[in-house]
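Colleague: Take a look at this one; I'll ask things after.
The values are calculated or read from the model by the stated rules, or taken from the named source; none is laboratory data. No experiment lies behind these values; they were computed from the predicted model shown. For neighbour counting, all protein chains shown are included, and Cβ atoms are generated from backbone atoms with ideal geometry for every residue, glycine included. Side chains included, ligands, DNA and RNA excluded: accessible areas come from the protein's heavy atoms. Shrake-Rupley method; radii C 1.70, N 1.55, O 1.52, S 1.80 Å.
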Amino acid sequence: MAPKITGFDYQRIAVADQVELNVAVGGSGSPVVLLHGFPQTHLMWRHVAADLAADHTVICPDLRGYGDSDKPADLDGTTYAKRTMAADIVTLARTLGHDRFALAGHDRGALVAIRAGLDHPDTITHLASLDVLPTLDMWDVMHGVTAAVGFHLYLMAQPPGLPEKMIAATPDLFFAHFLDTWTHDPAAIPPEFRTAYLRASAAAIPSIVADYRASATIDLDHDRTDRTAGNHLRMPVTVLQQDWGAALGFDAQSLWKAWAPNLTHTTVTSGHFMAEESPATVTQAIRTLLTR
């Protein structure tokens, strides 16, 4: 059996037609929802969630298409749009009794959180993003050989068929590459959790690819529409990022400021999986955000 977050209760909650999310809930107080990234599950939040649960209701779902949540087939290109996935999270929180809540996301979960903040500004009270740029900016800064760090973005942007087959040929090698190369401190992801991430990812290849493919198609359309309309994140926003700007030649804080006028932007020294490598830093950033 996969590990669980100690002290949290687990349940499955329907969020859309024939889609249920696996969710861990713990603590009491004002609600905070934590969304995981790739190639992980809700378990990446185990340290942060346990700390926040001392005075908050903490909700940690597996995103649709990941972990133990349902993985519907993507028949029309909208199933894994961040708009669809964000609606899942709003429905999940409301089902648990929360019409307004703070939201933090890492990697893919951060993209879902950003879309939730843009689409549901009266629902998301505070927003934290860990180690991504908004989708539109992400593609704009990827240039030349330095973009090789994001090779998986281009692979999974291809039409259905090829990327799924290529990844399925050696799933552990593919997904382990990111767990190993994006981590500064390998001990931060113990073998039990590494195995759980690899097993969950190998069982979700079509949906993971569909999630990434959406970010090269429909998610871009939604971002462009918001950019043209001048839509932005109205709530206080905290961003924690590695210094990707130095490597790829862009000013991350300026890019974020265009989306989030009420912004706190911090560059961290940990690896990509900062909620596991530097949980105290992430927890304190979220706690500080909630006071704004």
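Colleague: Looking only at the range 256-275, which residues are surrounded by fewer than 20 Cβ atoms within 10 Å (Cβ to Cβ) and of a type outside the set (Ser, Thr, Tyr)?
Modeller: Within the range 256-275, Lys257, Ala258, Pro261, Asn262, Leu263, His265, Val268, Gly271 qualify.
Colleague: Let me ask something else. Give the range 222-251 a look and list any residue that's out of contact with any Ser or Thr (no Cβ under 8 Å at 6 or more places or on another chain) and under 26 Å from Ala148 (Cβ atoms), or say none.
Modeller: Across the range 222-251, the qualifying residues are Arg224, Trp244, Gly245, Ala246, Phe250, Asp251.
Colleague: Quick one: which of Leu63, Leu75 is without any contact (Cβ under 8 Å) to a residue 12 or more places away in the chain and either assigned to a loop (DSSP other than H, G, I, E, B) or open to solvent by 30 Å² or more (accessible area, probe 1.4 Å) (or both)?
Modeller: Leu75
Condition check ((1) surrounded by 14 or more Cβ atoms within 10 Å (Cβ to Cβ); (2) more than 23 Å from Leu75 (Cβ to Cβ); (3) touching a residue at least 12 places away in the same chain (Cβ under 8 Å)) across all residues:
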| position | (1), (2), (3) |
| --- | --- |
| Leu162 | no, no, no |
| Ile167 | yes, no, yes |
| Asp172 | no, yes, yes |
| Phe178 | yes, yes, yes |
| His184 | yes, yes, yes |
| Ala188 | yes, yes, yes |
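Colleague: Still on this structure: Inside the range 235-255, can you point out the residues that are over 16 Å from Leu289 (Cα atoms), open to solvent by less than 60 Å² (accessible area, probe 1.4 Å) and either in contact with a strand residue (DSSP E or B) (Cβ under 9 Å, 6 or more places away or on another chain) or among the aromatic types (Phe, Trp, Tyr) (or both)?
Modeller: Gln242, Gly245, Phe250, Ala252
Colleague: Would you list the strands (runs of 3 or more DSSP E) that sit entirely within the range 1-42 and hold 3 or more residues that are open to solvent by 10 Å² or more (accessible area, probe 1.4 Å) and either in contact with a Lys or Arg (Cβ under 9 Å, 6 or more places away or on another chain) or over 19 Å from Val112 (Cβ atoms) (or both)?
Modeller: 9-16
Colleague: What number goes with the only condition from (1) open to solvent by 70 Å² or more (accessible area, probe 1.4 Å); (2) closer than 15 Å to Gln40 by Cβ; (3) in contact (Cβ under 8 Å) with a residue 60 or more places away in the chain that Phe193 does not pass?
Modeller: The number of the failed condition is (1).
Colleague: Residues that are among the basic types (Lys, Arg): find the helices (runs of 4 or more DSSP H) completely inside the range 145-244 holding 2 or more of those.
Modeller: Where helices (runs of 4 or more DSSP H) fall fully within the range 145-244 and carry at least 2 residues being among the basic types (Lys, Arg), they are 191-202, 218-229.
Colleague: Val268 passes all but one of (1) over 25 Å from Pro121 (Cα atoms); (2) more than 19 Å from the chain's Cα centre (by Cα); (3) not acidic (Asp, Glu); which number fails?
Modeller: (2)
Colleague: To continue, here is another question. Taking Asp99, is it open to solvent by 10 Å² or more (accessible area, probe 1.4 Å), acidic (Asp, Glu) and over 20 Å from Asp62 (Cβ atoms)?
Modeller: Numbers: open to solvent by 10 Å² or more (accessible area, probe 1.4 Å): yes; acidic (Asp, Glu): yes; over 20 Å from Asp62 (Cβ atoms): yes.
Considered against the rule, which asks whether it is open to solvent by 10 Å² or more (accessible area, probe 1.4 Å), acidic (Asp, Glu) and over 20 Å from Asp62 (Cβ atoms), Asp99 comes out as yes.
Colleague: Exactly one of these conditions fails for Arg227: (1) under 17 Å from the mean Cα position of the chain (by Cα); (2) open to solvent by 20 Å² or more (accessible area, probe 1.4 Å). Give me its number.
Modeller: (1)
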